[in-house]
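For reference, the structure is listed below as structure tokens.
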Amino acid sequence: MSALGAAAVGVSGLGGAGYFLYSQSQVDPMRRVDAIIVLGGDRDGREEYGIELAREGFSANVVLSNPYWRGDRKMAEFCAIQDPRFTVTCVRPQPSTTRGEALFTRDLAAQHGWTSVMVISWRYHLPRARYIFSQCFDGETVMRPVPREYDFGVAHWEYIYLYQTVGLVKAFFEGRC
């Protein structure tokens, strides 16, 4: 088999496996939790979704990861929300990664006695986030995707699958928090 043929087989294998592992990843049923944790990422509706879930009574606590630049007006608006039904807390993850978000979740849970959280992110990020949170947080974690469709081309999906796989391998070698 030529190098080009082997590369084609590798790319198509990654695409097929990635589709089932990441794009069709497990989504947990909705249930009430101690806190809703919205991971940082694109402006894809994730903050609005987490806040809406709190308004619907799924939690009295919303924690927004805030890895964005300090002058981000939209994030400042989210962080300033005051609603008698829930509290919004914004945290800058250290490091600015999913592991950093799992670490601040662990610390906040210890401070407030939380035993369950709902984590909001891209659906294709849920497997890696689930693994990292299992290494850092001892409570129950409910994984939920941002409710949206992704209109990416094949090359972009291949990149996402490769990125998520490398991140999962890295998380495995980092071990427990």
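Amide H to amide H, with H built 1.01 Å from N, VAL63 comes under 5 Å of ILE36, ILE37, VAL38, THR89, counting only residues 5 or more places away or on other chains. Over the chain, with every protein chain in place, what whole percent of the accessible area is carbon and sulfur at 1.4 Å, could you tell me? On the chain, the fraction of accessible area on carbon and sulfur atoms equals 58 percent. Looking only at region 29-47, which residues have a backbone nitrogen under 13 Å from a spot 7 Å from the Cα of SER116 in the C-beta direction? The answer is 29-36, whose backbone nitrogens lie closer than 13 Å to the label point. What the phi angles of region 56-62 give under the Karplus curve with 6.51, -1.76 and 1.60, with θ = phi - 60°, is a coupling list of 7, x, 6, 6, 9, 9, 10 Hz, glycine and proline written as x. Applying the criteria of a DSSP loop state and at most 13 other Cβ atoms within 10 Å to the GluC sites (Glu not before Pro) of region 90-177 yields GLU149. Toward the positive end of the charge dipole of region 85-177, with +1 on the Cβ of Lys and Arg and -1 on the Cβ of Asp and Glu, the farthest Cα among VAL88, ALA129, MET118 is that of VAL88. Label positions at PHE20 and TYR131, each projected 7 Å from the Cα along the C-beta direction, are separated by 1.7 nm. Only protein heavy atoms count here; under a 1.4 Å probe, PHE104 has an accessible surface of about 20 Å². Contact order for region 38-177, expressed relative to its length and based on alpha carbon pairs under 8 Å spaced 6+ residues apart, stands at 22 percent.
Given +1 at the Cβ of Lys and Arg, -1 at the Cβ of Asp and Glu and no other charges, the dipole of the chain around its Cα centre is 240 debye to the nearest 20. Cysteine residues of the chain whose Cβ has no partner cysteine Cβ closer than 4.7 Å: none, as each one has such a partner.
With the simple spin-label model, which puts each label point 7 Å out from Cα in the Cβ direction, the HIS156 to ARG176 separation comes to 4.0 nm.
Kirkwood radius for region 34-99, taken over all pairs of different Cα atoms as the inverse mean of 1/r, rounds to 12.0 Å. Sort region 112-166 into rounded, prolate or oblate with this rule: let a ≥ b ≥ c be the square roots of the eigenvalues of the Cα gyration tensor; rounded if a/c is under 1.5, and if a/c is not under 1.5, prolate when a/b is larger than b/c, oblate otherwise. Because a/c hits 1.5 or more and a/b fails to exceed b/c, region 112-166 counts as oblate.
Solvent exposure of the chain amounts to 53 Å² per residue of accessible area, where only protein heavy atoms count and the probe is 1.4 Å. Label positions at TRP69 and ASP42, each projected 7 Å from the Cα along the C-beta direction, are separated by 2.0 nm. Taking amide H as placed 1.01 Å from N in the peptide plane, GLU140 has its amide H under 5 Å from the amide H of SER116, VAL117, each at least 5 places away in sequence or on another chain. Its residue count N sets the reference 2.2 N^0.38 Å, and the alpha-carbon radius of gyration of the chain equals 1.10 times that reference.
Sites listed here are trypsin sites (Lys or Arg not before Pro) in region 79-148 whose DSSP assignment is loop and whose Cβ has at most 10 other Cβ atoms within 10 Å: ARG85.
The values are calculated or read from the model by the stated rules, or taken from the named source; none is laboratory data. As the structure is a prediction and not an experimental result, all values here were calculated from the model. Neighbour counts are summed over all protein chains in view; Cβ atoms, including those assigned to glycine, are modelled from backbone coordinates with ideal geometry. What goes into the accessible areas is simple: the full protein's heavy atoms, side chains included, and nothing from ligands, DNA or RNA. Shrake-Rupley method; radii C 1.70, N 1.55, O 1.52, S 1.80 Å.
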